[in-house]
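*Asks:* I'd like to ask you about the structure that follows.
Computed from the coordinates by the stated procedures, all read-outs in this text should not be read as laboratory data. Not measured: the values here are computed from a predicted model. Please note: Cβ atoms are built from the backbone with ideal geometry, for glycine as well, and neighbour counts cover all protein chains shown.
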Amino acid sequence: MLRNATGLVAALLISFGAAHAQTAAPAAGSPDGKALFASKTCVACHGRGGAKAIQMYPDLAGQEAKYMLEQMNDIAEGKRLSGPDARGYPRTQGMKDVMHLVTVEERKVIADYLSKEPAPKPRKLDPAPDEARLAQGKEAYVKGGCVTCHGAEGLKPLVGHPYLGGMKRDYLVLQMTEIRDGVRQSAKLKTMLPFAKKLDEAKIAVIADYLSQVERPAK
């Protein structure tokens, strides 16, 4: 009798364990962010894990998920515009051309995957800015009102706004300039325009130097 009871308990435990494992495991065929990021060619411009972007493209690793999803959707729908690259084509055109291959659900999965990847270390500048210039950049960032939406050091953004700390210097310069000049447009950017309009080239450059050297802590 005891042997039978022991066998029954063991069988129930095995059955429960199998059911639990089945529940915890991802459903067969469910999308995988890393695989989608590679197969949809995002990796070609933004690099492995979204942390080694080429040319003027941004590093996406560790970026705010809601913000990335909004940008993918805006680019796909032609709502996010950009200036021309060296060939004369809008910089977002290449991404727009492949967005028809990425469903809205897949975009969510990719954004979630990238948001959890470790952000890259700050890229060294040549010449390296000294402490005085970094302090000047920080002061311009705070006085310019950027901290309101992007947080101290660009590391505590409001939901739906990007992390700026640790982003590529040239990319930061480009985006601030295009927003200020009305080249990059969206409904959300209307709130940034009054602040951006006050930034001349010198202020944009010093803010970008400062933010690009901020190290984003591991999540």
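*Asks:* What's the exposure ranking of PHE37, PHE195, going from fewest to most Cβ atoms within 10 Å?
*Replies:* PHE195, PHE37
*Asks:* Taking amide H positions as placed 1.01 Å from N in the peptide plane, with prolines and chain starts having none, which residues 5 or more places from ARG80, or on another chain, fall under 5 Å of its amide H?
*Replies:* ILE75
*Asks:* To the nearest Å, what is the center-to-center distance of segment 45-72 and segment 122-167, using C-alpha atoms only?
*Replies:* Rounded to whole Å, the Cα centres lie 18 Å apart.
*Asks:* Now a separate question. Would you mind putting 113-126, 51-64 in packing order, based on average other-beta-carbon counts within 10 Å, highest first?
*Replies:* The peptides rank, most packed first, as 51-64, 113-126.
*Asks:* What ranking do MET99, MET176 get, fewest neighbouring Cβ atoms within 10 angstrom at the top? Could the numbers behind the result be given before it?
*Replies:* Details: MET99 17, MET176 25.
Lowest to highest Cβ neighbour count: MET99, MET176.
*Asks:* (1) 29; (2) 38; (3) 41: which one is percent of Cα pairs over 28 Å apart as calculated from this entry?
*Replies:* Only one option fits the structure, namely (2).
*Asks:* How large is the helix-only mean residue ellipticity at 222 nm for the chain, computed as the sum of -39500 (n - 2.57) over DSSP H runs with n ≥ 4, divided by its residue count, in deg cm²/dmol to the nearest 500? Don't skip to the answer; put the middle values down first.
*Replies:* Details: 11 runs with 109 residues, N = 219.
Value at 222 nm, helices only, nearest 500: -14500 deg cm²/dmol.
*Asks:* Under 29 Å from the Cα of LYS143, which lysines turn up, not counting those fewer than eight places away in the same chain?
*Replies:* Leaving aside lysines fewer than 8 places away in the same chain, those within reach of LYS143 are LYS66, LYS121, LYS124, LYS156, LYS168, LYS188, LYS190, LYS197, LYS198, LYS203, LYS219.
*Asks:* How do TYR89, TYR163 line up, fewest other C-beta atoms within 10 Å first? Walk me through the numbers on the way to the answer.
*Replies:* On the way: TYR89 12, TYR163 22.
Ordered by Cβ neighbours within 10 Å, fewest first: TYR89, TYR163.
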